[in-house]
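As structure tokens, the structure follows; a few thoughts come after it.
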Amino acid sequence: MNNKLPRIAVIAGLLTLLLPLSGRAADEAPPRPPVAKSVARELVMHGHARVDEYYWLNQRQDPEVIAYLQAENAYTDAVMKSAAGLRAALYKEMVGRMQQSDMSVPYFENGYWYYTRFEKGKEYPVYCRKKKSMKGAEQVLLDGNRMAVGEKYFHIGSFAVSPDNVTLAYSVDTVSRRQYRLRFRCLKTGKEYAEEIRMTAGRMAWAGDSRTLFYPVIDPGTLRSCKVRRHALGTPAENDATIYEENDETFDVGIGLSRSRRFLLLASRSTLSDEYRVLDATRPDGEFAVFQPRVRGLEYSIDHLNGRFYVLTNDNAVNFRLMEAAEDRTGREHWRELIGHRPDVLLEDFELFNNFLVLSERRSGLTQIHVLPWGDAEGYAIDFPEQAFTAYPAFTADPATDLMRFNYTSLTTPSSVYEFNMKTRERRLLKRQEVLGGYRPESYSSERLMAPGYDGTRVPISLVYRKDTARGAATPLLLYGYGSYGASMDPAFSPLRLSLLDRGFIFAIAHVRGGQELGRSWYDEGKLFRKMNTFTDFISCAEYLVRHGYTSPAKLFASGGSAGGLLMGAVANLRPDLFRGMVAAVPFVDVVTTMLDPSIPLTTSEYDEWGDPNRPECYEYMLSYSPYDNVRAKDYPAMLVTTGLHDSQVQYFEPAKWVARLRALKTDGNPLLLRTNMEAGHGGASGRFRRLEEVALEYAFLLKLVGIDR
């Protein structure tokens, strides 16, 4: 991920390259891609030399780099000029499906109803509360629209109200690099406190005295959450004491409150190990006590209610189990098992209630909610009717209630919030995402397929399409994948996706290894020295869809972002003939160079995900699949690559370098476009409408490739 920009030779046959998208007359010269310089830099590691012509692109402040990125943007605009009408139509459609004046389901906490609402035509949320009854007067806590005036990027990280309901702590990022400023506001007078705390991780937790706040701070270079500090309200931030510093660069830290609100929980977490410290929330000047010392390979998370700690852990349990511990004996040797390990069920999380224990589980690749009355070893699972869906508990503030909320969605069912009576098992729909414009779920179908992988492993595929879409070689299909960090890509509804489905596309998700859909082993088999499984699983899913007549290589498209962009880059190198086009968003494609640079955010904390290239065996394996390092002189699919100048998770110069090398080496006439958001970072544009412009560009790129221009 480090680099300086190169000279890209003008590619022979450029005229043919642009015709599929530009729609220009034969005698009209197409736009030319930016010409950049090539500066050969030799990188030597473990006796092996690599040449990186574009290493200098990592100079974020270099005017030449900025000029190059702007030239790439201008080139993308020129190539996509003929799709301007389509992009406008897509944007209008997506806005037209949105309930612009909208409000979340309120929740009751500590004497107030809290909710979020949006105002018609405005970009950002408004956070509000009402005292005791929703019929009372509204108090606006944060109005994102007013706060964002004059900012090119704006994001409210989080907020927390003090236990006495008087003081609001909140965080804001205006750079899009996860560098949050922490501020305080008096909720009685509306006045801001003088202090402002910079370079925080955006999260915070109040102590029981309503005057003391704990918050993590980040390292200015790597942006790693490395310290937790204690702030006394109304005092200068420079006086804040560091109460914990994490010196192991593979760990980062966080802070929160237990379910009981009796304890502050300070977490140090890495890919393979966790360590918690606890402190009585009524004694903010006390010392945090280690709950269970870190042991490499021991993962655990904790919560507390009614005088007991509860521990979710992988201790002798690949798919995790649930333990309990007394407040005064928290070491692993004192843990007592409540829910044992099950080889066919992944225990992902748990929620504590006075009368019930709620488990978030994953069976056969699908999420489940399991309810157990205390003392009942069996309990019951909440039943859901569809074959591919996502369900998980929502925030329920009061542990004394028997009414739990949960979220439900599927590829055809909009996001829904239910209230579920854990005693009577009755459920009540509180809110379903409204899709304007006459959306009818019964007009669409979803399926769950299993594709055989190269090694015989069966890989799930979830897909959705309009019932009147004919499947065959002429049917366009967009296959999405991620496959890293144990993050499961569950089937969920998207109103934006209707713009593709209604134009005849099939949308599919490849649940490849590296995610956690089929248990922890599914993750373990898609990382480190088994990372190649992620890529071959995706290819197997694509081949299955072609083989079974859903589409053909001429109409098959792929998309993925961040680590999913790594997937796109690797698959493009391995099987470029299988896809007509790809969208790679903020793609992690320069794996080796990035992981050799500990100054880059996320590098040191991810050695256990990708490998430490300072070790020869890791270096060789990572080099074998790193997309940037494996670009060759051959044909590639059409590609749209997007990034953000301020991206803190995948630095902008990774995709910029990748596109530059592809331009210089690829032998096809397919379009290759790079779009850099000069104001945003990893998540793209801030604001609900501005984000739609980015989606419209991606969809227009895909639609034009199959000849759909409206």
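For residues in region 385-401 being over 17 Å from PRO106 (Cα atoms) and in contact with a strand residue (DSSP E or B) (Cβ under 6 Å, 6 or more places away or on another chain), which is modelled with the lowest pLDDT?
GLN387
Quick test for you: out of GLY375, GLY307, GLY297, GLY340, pick the one residue that is free of Cβ contacts under 8 Å to residues at least 40 places away in the same chain and under 22 Å from GLY254 (Cα atoms).
GLY297
If THR174 meets every condition in (1) within 25 Å of ALA241 (Cα to Cα); (2) under 20 Å from the mean Cα position of the chain (by Cα); (3) not basic (Lys, Arg) apart from one, which number is that one?
(1)
Small (Gly, Ala, Ser) and over 23 Å from LEU264 (Cβ atoms), is that true of ALA201?
Taking the combined requirement at face value, the residue does not satisfy it.
Restricting to region 540-560, name every residue that is part of a helix (DSSP H, G or I) and touching a helix residue (DSSP H, G or I) at 6+ places or on another chain (Cβ under 6 Å).
Hits for region 540-560 are ALA542, PRO553.
Looking at (1) aliphatic (A, V, I, L, M); (2) in contact (Cβ under 8 Å) with a residue 60 or more places away in the chain; (3) part of a strand (DSSP E or B), which is the only condition VAL175 fails?
(3)
Among (1) in a loop (DSSP other than H, G, I, E, B); (2) closer than 22 Å to THR174 by Cα; (3) aliphatic (A, V, I, L, M), where does LEU692 come up short?
Failing condition for LEU692: (1).
From SER499, SER446, grab the single residue that is touching a Pro at 6+ places or on another chain (Cβ under 8 Å), crowded, with 17+ Cβ neighbours inside 10 Å and farther than 30 Å from HIS304 by Cβ.
Exactly one of SER499, SER446 is touching a Pro at 6+ places or on another chain (Cβ under 8 Å), crowded, with 17+ Cβ neighbours inside 10 Å and farther than 30 Å from HIS304 by Cβ, namely SER446.
When you go through VAL464, VAL459, VAL435 one by one, which is the residue that is over 21 Å from SER360 (Cβ atoms) and part of a loop (DSSP other than H, G, I, E, B)?
Within the list VAL464, VAL459, VAL435, the selection yields VAL435.
Quick one: in region 274-331, of everything that is among the hydroxyl-bearing types (Ser, Thr, Tyr) and outside any loop (DSSP other than H, G, I, E, B), which residue is farthest from the chain's Cα centre (by Cα)? Step through it out loud before you land on a result.
Going through region 274-331, the residues among the hydroxyl-bearing types (Ser, Thr, Tyr) turn out to be 276, 282, 300-301, 310, 313, 330.
If we keep only those that are outside any loop (DSSP other than H, G, I, E, B) as well, we get 276, 300-301, 310, 313.
Numbers: TYR276: 24, TYR300: 22, SER301: 21, TYR310: 27, THR313: 23 Å.
Filtering region 274-331 for residues that are among the hydroxyl-bearing types (Ser, Thr, Tyr) and outside any loop (DSSP other than H, G, I, E, B), the one farthest from the chain's Cα centre (by Cα) comes out as TYR310.
Residue-by-condition table, conditions (1) crowded, with 24+ Cβ neighbours inside 10 Å; (2) more than 22 Å from SER364 (Cβ to Cβ); (3) touching a residue at least 40 places away in the same chain (Cβ under 8 Å):
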| site | (1), (2), (3) |
| --- | --- |
| GLY472 | no, yes, yes |
| GLY481 | yes, no, yes |
| SER494 | no, yes, no |
| HIS511 | yes, no, yes |
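Identify, from the list LEU518, LEU528, LEU477, the residue that is of a type in the set (A, V, I, L, M), crowded, with 19+ Cβ neighbours inside 10 Å and under 22 Å from the mean Cα position of the chain (by Cα).
LEU518
Of everything in region 113-133 that's assigned to a loop (DSSP other than H, G, I, E, B) and either buried (at least 18 other Cβ atoms within 10 Å of the Cβ) or charged (D, E, K, R) (or both), which residue is modelled with the lowest pLDDT?
Step by step, filter region 113-133, then rank; the result is LYS132.
Rundown of residues vs (1) among the hydroxyl-bearing types (Ser, Thr, Tyr); (2) in contact with a His (Cβ under 7 Å, 6 or more places away or on another chain); (3) without any contact (Cβ under 8 Å) to a residue 60 or more places away in the chain, yes/no style:
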| residue | (1), (2), (3) |
| --- | --- |
| SER605 | yes, no, no |
| TRP610 | no, no, no |
| PRO613 | no, no, no |
| TYR619 | yes, yes, no |
| PRO627 | no, no, no |
| ALA633 | no, no, yes |
| MET639 | no, no, no |
| HIS646 | no, no, no |
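Taking the condition of being surrounded by fewer than 21 Cβ atoms within 10 Å (Cβ to Cβ), aliphatic (A, V, I, L, M) and either under 29 Å from the mean Cα position of the chain (by Cα) or modelled with pLDDT under 95 (or both), how many residues in region 205-236 meet it?
1
Residues in region 361-417 that are of a type in the set (A, V, I, L, M, F, W, C), closer than 30 Å to TYR112 by Cα and not in a strand (DSSP E or B): how many?
Taking region 361-417 and keeping what is of a type in the set (A, V, I, L, M, F, W, C), we get 366, 369, 371-372, 374, 377, 381-382, 384, 388-389, 391, 394-395, 397, 400, 403-404, 406, 411, 417.
So of that shortlist, the ones also closer than 30 Å to TYR112 by Cα come out as 369, 371-372, 374, 382, 391, 394-395, 397, 400, 403-404, 406, 417.
Now restrict to residues that are not in a strand (DSSP E or B): 374, 382, 394-395, 397, 400.
Number satisfying all stated conditions: 6.
Could you list, in sequence order, all residues of region 422-455 that are under 30 Å from PHE353 (Cα atoms) and in contact with an Asp or Glu (Cβ under 6 Å, 6 or more places away or on another chain)?
MET422, LYS423, ARG428, LEU430
Considering region 511-523 alone, what residues qualify as being on the phi < 0 side of the Ramachandran plot and either touching an Asp or Glu at 6+ places or on another chain (Cβ under 7 Å) or not in a strand (DSSP E or B) (or both)? First the steps, then the outcome.
Kept after step one, since they are on the phi < 0 side of the Ramachandran plot, are these residues of region 511-523: 511-513, 515-518, 520-523.
Listed by number, the residues that qualify are HIS511, VAL512, ARG513, GLN516, GLU517, LEU518, ARG520, SER521, TRP522, TYR523.
The values are calculated or read from the model by the stated rules, or taken from the named source; none is laboratory data. In this text, all values refer to a predicted model and were calculated from it rather than measured experimentally. Using ideal geometry, Cβ is built from the backbone for each residue, glycine included, and neighbour counts are taken over all protein chains shown.
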